[in-house]
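The values are calculated or read from the model by the stated rules, or taken from the named source; none is laboratory data. Model, not experiment: these values are computed from the prediction. Counting neighbours? That spans all protein chains shown, and the Cβs are built from the backbone with ideal geometry, glycine included.
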Amino acid sequence: MFRTLANIFKIPELRTKLLFTIGMLCVYRIGFYVPLPGVDTHMVSQFVNGNSSSAVGQISNYLSLFSGGGLGYSTLFGLGIMPYISAAIIFQLLGTVIPSLEKLQKEGEPGMRKINEWTRYATVVLCIIQAFVWMRYLTTTSPSHPHGFLYKSMFYNHLLLFWVTGICALTAGSIFLMWLGEQIDAYGIGNGVSLIIMAGIVSNIPSAIDDLWAHSTFHLGGSAAHRYGIGTMLFLVAAFVCVSAGAVILEQAQRRIAIQQAKHVRGNRVYGGQLQYLPLRVNHGGVMPIIFASSLMLIPSVVLQLGFFTVHFGQYAWYQILVESIQIGAFFYIVAYVAMIFFFSYFWNTVQFQPKEMAEQLQDYGSFIKGLRPGKRTAEYLENVMARVTYCGAAFLAVIALVPTVVSNYLGINFMITQFLGGTGLLITVSVMLDFINRVEANLVMRNYSGLTDGPSGMSTSRRRRTSGKETGQVGGNIRESAA
């Protein structure tokens with residue numbers, strides 16, 4: 001293992017990519033602590049953390065988990081990378097309903113370059129809108145000052161200057177994060193945006209460990225109430241290992257469909273006839289169903305906590321029951337959350353998975369599924385198989401998403417600790433780390449070094465996949481790319 005890790009730094013190109021990626025992530029973490037001009041960040045963080053169950057507290061925690069930002073600190077990277085991700089998802093969904101965008105997606109590199117350009121413009125628009133909303137909150141909400149969380153007196157009489165500088169700073173911070181991600185893609189190890197999000201998630205682990213230690217029976221200071229014993233500590237460690245292993249299995253699980261390649265006679269030789277496999281991912285939607293479900297479940301809670309509804313309906317019993325039923329951990333919340341995960345799992349597969357195109361590719365390359373005619377019958381079979389596979393993937397996804405909430409509610413453990421036992425943060429971290437390992441391993445195997453995950457036969461996983469790809473031919477590779 002140590003020899004394999006040493007081999008990474010023996011390759012100049014790979015060493016340069018890794019160091020560049022680490023350097024860009026360090027720049028991201030430094031900018032995370034650069035405050036907005038004129039904002040008392042200490043007051044903002046205390047207010048948001050003290051009202052974590054409020055609408056703003058929930059939004060801040062949500063954005064810090066999914067975007068690598070932190071509105072609760074009101075820093076330069078407060079919006080994170082979320083505007084860019086939102087713009088990319090919007091154009092990805094629009095590509096399925098707008099023929100012109102779908103045509104651009106099929107044009108290859110030139111078309112994707114044009115879509116990426118539009119995505120950047122949309123990112124700027126979303127940044128300005130989100131920055132305006134947050135600046136409005138900063139200037140109207142404060143427990144001690146009529147001008148909000150403003151720190152420097154120079155902005156009390158120049159609010160326009162504060163608004164302009166704040167919106168420009170938040171927008172520039174998100175655009176800079178987008179640029180950092182593109183630089184990691186171009187000169188680093190790749191997958192830059194996902195690495196930035198993962199870095200934001202992993203950066204919360206030290207705080208969770210410190211909070212766990214402060215409330216453990218081994219810590220001598222503080223109150224003796226609500227202490228975590230040795231049994232609770234061992235349970236958390238075991239749960240973290242088990243859920244992490246389950247997340248890895250979920251990300252790697254595939255349903256392999258046997259495909260027979262047609263034989264071709266050229267001269268005196270016969271080509272083709274090999275048996276190939278079409279891999280269909282069990283969790284084809286990845287972490288997107290949880291993101292969509294969490295976002296929609298957050299909206300009713302935030303809307304009902306607004307001042308208008310609280311003032312007009314707060315005195316009614318039915319309103320209090322409604323507010324309590326949509327809180328995290330409530331029975332109705334859990335049922336609705338699971339239902340939305342299932343719905344968006346099928347919805348995302350409907351948008352991204354194209355069985356008709358896959359069937360046409362099989363027919364064009366002279367391949368077929370045994371017992372099925374090429375074309376419409378093959379497409380129907382692939383759609384039915386994917387529907388059954390998606391059910392299993394969505395069920396497993398719902399279990400992983402609910403583990404943090406269930407453990408937090410029934411064991412009385414702080415959610416900041418239990419959030420690492422599952423949910424979106426764990427799935428993002430696992431998927432990004434698996435992709436990172438695959439990229440590093442591909443660079444090692446390309447230069448005849450052993451990979452990071454060697455099999456029992458001594459051949460690395462990437463090398464076995466590469467050999468398998470040569471044996472099955474080019475058709476399997478093209479279909480696998482479409483399935484991914």
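Residues that are β-branched (Val, Ile, Thr) and either under 20 Å from the mean Cα position of the chain (by Cα) or within 19 Å of Gln354 (Cβ to Cβ) (or both) number at least 2 in the following strands (runs of 3 or more DSSP E) confined to region 235-286: 254-261. Here is the figure for region 371-425: residues that are at pLDDT below 80, outside any helix (DSSP H, G or I) and either over 23 Å from the mean Cα position of the chain (by Cα) or surrounded by fewer than 20 Cβ atoms within 10 Å (Cβ to Cβ) (or both) total 3.
Listed here are the residues, each with its yes/no results for (1) in contact (Cβ under 8 Å) with a residue 60 or more places away in the chain; (2) among the hydrophobic types (A, V, I, L, M, F, W, C).
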{"site": "Pro355", "(1), (2)": "no, no"}
{"site": "Met358", "(1), (2)": "yes, yes"}
{"site": "Gly371", "(1), (2)": "no, no"}
{"site": "Arg388", "(1), (2)": "no, no"}
{"site": "Ala401", "(1), (2)": "yes, yes"}
{"site": "Gly423", "(1), (2)": "yes, no"}
{"site": "Leu426", "(1), (2)": "yes, yes"}
{"site": "Val432", "(1), (2)": "yes, yes"}
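Can you confirm whether Tyr449 is among the aromatic types (Phe, Trp, Tyr), out of contact with any helix residue (DSSP H, G or I) (no Cβ under 6 Å at 6 or more places or on another chain) and either over 30 Å from Ser207 (Cα atoms) or at pLDDT below 80 (or both)? So Tyr449 does not fit the description; no.
Take the conditions at pLDDT 80 or above and more than 23 Å from Lys106 (Cα to Cα) and apply them to Ile290. Does it pass? Criteria met by Ile290.
Among the listed residues Arg388, Arg281, which satisfies the condition of being at negative phi, among the basic types (Lys, Arg) and touching a Gly at 6+ places or on another chain (Cβ under 8 Å)? Outline the logic, then answer.
Working: Arg388 fails: touching a Gly at 6+ places or on another chain (Cβ under 8 Å).
None of the others qualify; the one that does is Arg281.
Tyr277: touching a Lys or Arg at 6+ places or on another chain (Cβ under 9 Å), modelled with pLDDT of 80 or more and not hydrophobic (A, V, I, L, M, F, W, C), yes or no? Talk me through it step by step, then tell me what you get.
Numbers: touching a Lys or Arg at 6+ places or on another chain (Cβ under 9 Å): yes; modelled with pLDDT of 80 or more: yes; not hydrophobic (A, V, I, L, M, F, W, C): yes.
When the stated conditions are applied, Tyr277 passes them.
The residue of region 293-314 that is modelled with the highest pLDDT, among those that are assigned to a helix (DSSP H, G or I), among the polar types (S, T, N, Q) and surrounded by 15 or more Cβ atoms within 10 Å (Cβ to Cβ), is Ser294. Checking each residue in region 210-235 for being loosely packed, with under 12 Cβ neighbours inside 10 Å, modelled with pLDDT under 80 and under 16 Å from Leu411 (Cα atoms) picks out Ala225, His226, Gly229.
Filter region 24-43 down to residues that are modelled with pLDDT of 85 or more and loosely packed, with under 13 Cβ neighbours inside 10 Å, then give me how many there are.
2
Just one of the listed residues (Leu150, Leu126, Leu159) is modelled with pLDDT of 80 or more, aliphatic (A, V, I, L, M) and surrounded by 15 or more Cβ atoms within 10 Å (Cβ to Cβ), namely Leu126. From the list Thr171, Thr141, Thr165, the lone residue that is under 13 Å from Val39 (Cα atoms), modelled with pLDDT of 80 or more and hydroxyl-bearing (Ser, Thr, Tyr) is Thr165.
Can you tell me which residues in region 244-272 are surrounded by fewer than 11 Cβ atoms within 10 Å (Cβ to Cβ) and at pLDDT below 85? Please lay out each step first, then the result.
Looking only at region 244-272, we keep the residues that are surrounded by fewer than 11 Cβ atoms within 10 Å (Cβ to Cβ), and these are 256, 258, 265-270.
The answer is Val265, Arg266, Gly267, Asn268, Arg269, Val270.
Counting the residues of region 425-440 that are among the small types (Gly, Ala, Ser) and touching a Gly at 6+ places or on another chain (Cβ under 7 Å) gives 1.
Restricting attention to region 315-355 and to residues that are exposed (fewer than 14 other Cβ atoms within 10 Å of the Cβ) and at pLDDT 85 or above, the residue that is farthest from Val406 (Cα to Cα) turns out to be Ala339. Of the residues making up region 190-197, none is in a helix (DSSP H, G or I), touching a helix residue (DSSP H, G or I) at 6+ places or on another chain (Cβ under 8 Å) and either surrounded by fewer than 20 Cβ atoms within 10 Å (Cβ to Cβ) or at pLDDT 90 or above (or both).
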